[in-house]
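What follows is one structure encoded as structure tokens, with my remarks underneath.
Here, each number is a calculation from the coordinates, and none is a lab measurement. Source: prediction; values computed, not measured. Reconstructed Cβ throughout: ideal geometry from the backbone, glycine too, with neighbour counts over all protein chains shown.
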Amino acid sequence: MKIHGPSLGIGAGISGIVIFAIFITTGSGFFTNSADNNVKTQSKDNQKFQITLLSDHASPILGSKDAPITMVEFGDYQCFYCNKFYHTTEPDIVKNYVDAGKVKLIFKDFTIIGPDSVNAAHAAHCAQEKGKFWEYHDTLYNNWNGENTGWASSKNLLAFAKQVGISDSDFNACMSDTRYTSTIKGSFSDAQTLGLTGTPDFFIIGPDNSVTKIVGAQPYEAFDEIFKKLTK
């Protein structure tokens, strides 16, 4: 795979799929109806949608920057369902679509669970300075151990940095500076503007600039169906 630079709410993990078809023109567009017999469909007519809510305050891209489909995840590193998605669904998406150059992934922080969520998000952005965002992202989920249990403590976050090859001095300096606080707050604000109330939530941007929203840690088949429709 290629990498390129630039429980409150947890109910989203068990929600049904909600699709919004959004057609973007010059950076914004309007919600319109999308019909599918197997999904719950909603519409928000005349509600403006700005694509910058998905592209700003985000991680580097995972995959080819030229992939025709973009998938944006809003997540919290302490979230049970985000961790479930990472382990049960994301590997197949990466294998079948990201590595194949069809889909690129972007992660945005929606830190809704507790202070360790913010610290973990900040640590991932510090790892980004060394080109290690996605390695650190994976390490966080591979060490997940519940909500507000202390597994994302400052001591452990430093240990995770060592695991991905980041020096103590570089990592500590970045964490002490809290230089990514505005990025994390900006992403949180973007999620609120989009009306998100839980994690994970996903927005899939197609080659035609349509945007599909998936609510919760849905199985691989839900994503596969959408990707196949967009790549026909």
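General observations
- Kirkwood hydrodynamic radius of region 58-132, from the reciprocal of the average inverse Cα-Cα distance over all distinct pairs: 13.1 Å.
- Förster radius 35 Å - calculated FRET efficiency between residue 148 and residue 228, Cβ distance, rounded to 0.05: 0.35
- Using 0.36 nm per residue and subtracting the Cα-Cα separation, the extra length available between residue 170 and residue 182 on full extension is 2.4 nm.
- The coefficient of translational diffusion for region 111-232, derived via Stokes-Einstein from the alpha carbon Kirkwood radius under 20 °C and 1.002 mPa s, stands at 133 µm²/s.
- Full-extension gain in nm, residue 221 to residue 88, via 0.36 nm per residue minus C-alpha separation: 46.7 nm
- This ranking places 87, 125, 137 by how few other beta-carbon atoms lie within 10 Å of each, fewest first, which gives 87, 125, 137.
- For the residue pairs 104/229; 185/229; 162/228, the C-alpha atoms sit more than 27 angstrom apart in 185/229; 162/228.
- Label zone at residue 162 (point 7 Å along Cα-to-Cβ), backbone N below 13 Å, region 79-122: none
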